[in-house]
Amino acid sequence: MARKKIALIGGGQIGGVLAQLIGARQLGDVVLFDIVEDLPQGKTLDIAEAAAVDNFDVSVTGTNNYKDIAGSDLVIITAGLPRKPGMSRDDLLSTNAKIMKNVAENVREFAPNAIVIIISNPLDAMVTLFKKVSGFPANRVMGQAGVLDSSRFATFIAWELGVSVKDVNAMVLGGHGDTMVPLIRYANVNGIPVMEMLERKYKDKTKAKEVMTAMVERTKMAGGEVVKLLKTGSAFYSPASSATAMAESILLDEKRLLPTCALLNGEFGVNGYYAGVPAVLGANGVERVVELSLDAEEQSLFDNSVNAVKKLVEDMARLGF
Ligand code: TXD
């Protein structure tokens, strides 16, 4: 079987870690593209020179020419500006929409059969724009946000309960903005509801609720917390890991059920918009969206989050995209 080919569009912070992770895991040959001259060549030379130590022999190369992404099975897009302290993701809309339109035109031309994972912010709008410009079918266009947001939620739960994060299952749905929806009722540690563990720990239902609310709020603001500390950009290790998990599920046809920014076609009561929902990822990309029952409060939080996505898409249309 021929090796898979993975193109990474954007050779900045996340793109660099992605090239390293995907190379080291030998998921396929990696081509890192950026408009900045020499940057992707330099990063990939550095990564390729670690191959002898890390024992991988896929090729990891850099380019400023879209022709080199031809024949890619998977394209992961991080092109665009990251946030600076005090900025919301939505503040990036006009700059990154311009970049995404250009990227989508080139991916459509040079890698027309690829499955595409978008990471650039504001995520839900960028995925919507890529889908519109590329004309690719919905199963081949998705965004990464939920795997990261869920991983952040799971981390805070593990720290709070003093258990390994490996045993925590937690999921965040909705848009990748401040209205995202961490699902409290479904969060568990190897099947044991997190709320029950908190109630036993504190022997007090009100206190348990307060602790959970604090974790939910920290999850929603977790991106901003990192931006504030880094000062010059946003999180990059964890977004790259999260997209790599999605890439692996697609390239190895694992059919993992991962929170994914996918196009909704009536699921969860939403039609024609992208939002974070559980989806099965395999060789055909988003193979299906998995519905689950939400109670009245969860549904209203989800609707609120989807409304934020709708507003963002309207703002983008007003800007001419
Ligand atoms: O979970 C998530 N979805 C995210 C998303 C979590 C954290 C950050 N997320 C967003 O990813 C962030 O807000 C940004 O919009 C993207 C990329 O973040 P990164 O930290 O990697 O930004 P960098 O280091 O600035 O890299 C962006 C690169 C940089 O090298 C530019 O030269 C390049 O994008 N760039 C372009 N590449 C190709 N084509 C065009 N037109 C272009 N313009 C800039």
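Quick notes on this structure:
- Cross-chain or 6+ apart pairs with Cβ under 7 Å, the range 230-259 first and more than 22 Å from residue 88 (Cβ to Cβ) and within 13 Å of the ligand (Cβ to nearest atom), then of a type in the set (S, T, N, Q) and assigned to a loop (DSSP other than H, G, I, E, B): 246/144
- Among the conditions (1) at pLDDT 95 or above; (2) within 8 Å of the ligand (Cβ to nearest atom); (3) on the phi < 0 side of the Ramachandran plot; (4) crowded, with 21+ Cβ neighbours inside 10 Å, residue 89 misses just one, which is (1).
- Scanning the range 1-18 for residues that are within 16 Å of the ligand (Cβ to nearest atom) and either under 12 Å from residue 75 (Cα atoms) or among the charged types (D, E, K, R) (or both) yields 6, 7, 8, 9, 10, 15, 18.
- Candidate set: the range 300-314, residues that are of a type in the set (A, V, I, L, M) and closer than 17 Å to residue 269 by Cα; chosen: the one surrounded by the most Cβ atoms within 10 Å (Cβ to Cβ): 309
The values are calculated or read from the model by the stated rules, or taken from the named source; none is laboratory data. Every value quoted in this text rests on a predicted model; they were computed, and no experiment measured them. All Cβ positions, glycine included, derive from the backbone under ideal geometry; neighbour counts span all protein chains shown.
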